[in-house]
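Where a number appears in this text, it was derived from the coordinates with a stated rule and is not lab data. This one's a predicted model, so the numbers in the text were calculated from it and none came from an experiment. Quick reminder, even Gly has a Cβ in these numbers, built from the backbone with ideal geometry, and neighbours come from all protein chains shown.
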Amino acid sequence: MIDTAHTNPSATRLIAALADGNESVRLKAALAIGSDPEPGLVDMLVDRCAVEPNFYVRDMLTWALIRFPSEITVPRLLAELRSECAQARSQALHTLSKIKDAGAWPAITRSLLRDPDDEVARSAWRAAVVLVPEGQEKGLAEELAAQLGRGNREMQLSLSLALVALGEVAIGQILQQAMTSDDPRVRAHARATERLLREPDAGFKLAVDQAKRVFVLGK
C-alpha cells in the first residue's frame with residue numbers, strides 16, 4: 001500500500017476518490033491517474049482492481065495501469081496472479097493481456113488456465129493467446145481443448161474464440177479428435193468451434209444448436 005504521507009496532495013485526493021462510494025467519482029479518479037501517471041500509485045491501482053465492483057471502473061483501472069512503464073506494472077501484476085482473491089487474479093491477467101509483455105508468458109500456468117473460477121480461466125485464456133510465443137501455439141491449443149464442454153454458452157464461446165485465435169494449423173487436428181469424444185458436450189463444443197473457425201461471422205448459438213442436432217439425430 002501507499003504511504004500517503006509521502007504523496008503529494010493531489011495524489012492523496014485521488015487515492016481517496018478510488019474508494020469513494022460513488023462509482024462516477026472512482027471512474028474519474030482512475031482516468032485522472034492514468035492521464036498523469038505517478039509511479040507511486042501503481043500499487044493502489046492494482047489493489048483496487050481486486051475489490052472494485054463496477055466493470056467500467058475496473059476497465060478504467062486497467063487503462064490507467066497500461067499507461068505506466070511495463071517494468072513497473074508487470075512485476076506487480078505477476079505477483080497478483082498468486083492471490084487467493086479470484087478477482088485479483090482475473091484483473092491482473094486481463095491487464096497483462098493489454099500490456100502484451102512477452103516476459104509474462106511463463107506466469108500463465110496450467111493452474112490459471114484451468115482455474116476453477118470461470119472469470120479467472122477466461123482471462124487466462126485471453127492472456128495466453130496474446131502472449132504465447134511463436135511455435136508454442138499447438139501446445140497451448142491442446143491445453144485449452146482439454147476444457148471443451150466446460151461451462152455455459154458464454155464460457156464456451158470464450159474458449160472457442162481463444163482456440164480460433166490460435167489458427168487452423170494449431171487447432172484443426174485437435175478439433176477433429178475432440179469431435180470423436182465420448183462426451184456429447186465436448187463433441188458439440190468442438191463442432192461449434194470448428195464452424196466458428198470456418199465461418200467467423202456465424203452465430204455461435206446456431207453452431208452449438210446444429211452440433212447438438214447432429215448428435216441427437218446421428219447425422
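A few remarks follow.
- Two-site FRET efficiency, D20 against S111, from Cβ-Cβ distance with R₀ of 35 Å, rounded to 0.05: 0.50
- Each label point was placed 7 Å from the Cα along the Cα-to-Cβ direction; for E142 and D182 their separation is 2.1 nm.
- Packing-based ranking of 23-34, 184-195, 143-154 yields 184-195, 23-34, 143-154, ordered from highest to lowest mean Cβ neighbour count within 10 Å.
- Normalised per residue, the volume of the convex hull around the Cα set of the range 5-131 (Å³): 98 Å³
- Relative frequency of Cα-Cα separations exceeding 19 Å in the range 92-198, percent: 39 percent
- Calculation over all alpha carbon pairs of the chain in 5 angstrom steps from 0 returns a P(r) of 1, 7, 15, 16, 15, 12, 11, 9, 6, 4, 2, 1, 0, 0, 0 percent.
- In this label model, D101 and D43 are separated by 1.7 nm, measuring between points 7 Å along each Cα→Cβ vector.
- Potential extension, F55-N8 segment - 0.36 nm per residue separation minus Cα distance: 14.1 nm
- Charge dipole (Cα centre; +1 on Lys/Arg Cβ, -1 on Asp/Glu Cβ; no other charges) of the chain amounts to roughly 760 debye.
- Per residue convex hull volume, Cα atoms of the range 153-201, in Å³: 62 Å³
- Take every pair of alpha-carbon atoms less than 8 Å apart whose residues are at least six positions apart; their mean separation over the length of the chain yields a relative contact order of 11 percent.
- Cα lying deepest toward the dipole's positive end in the chain, options L93, L31, L161, charges on Cβ: L161
- Annotation: extensible slack from D36 through D118 equals 26.1 nm (criterion: 0.36 nm per residue apart, minus Cα-Cα distance).
- C85, C49 arranged by Cβ crowding within 10 Å, fewest neighbours leading: C85, C49
- The angle separating the long axis of helix 70-80 from the principal Cα axis of greatest extent in the chain is about 70 degrees.
- Tilt relative to the chain, helix 118-131 - C-alpha long axis, 0 to 90 degrees, to 10: 90 degrees
- Nearest 10 degrees, 0 to 90: helix 9-18 Cα axis against the chain principal axis: 40 degrees
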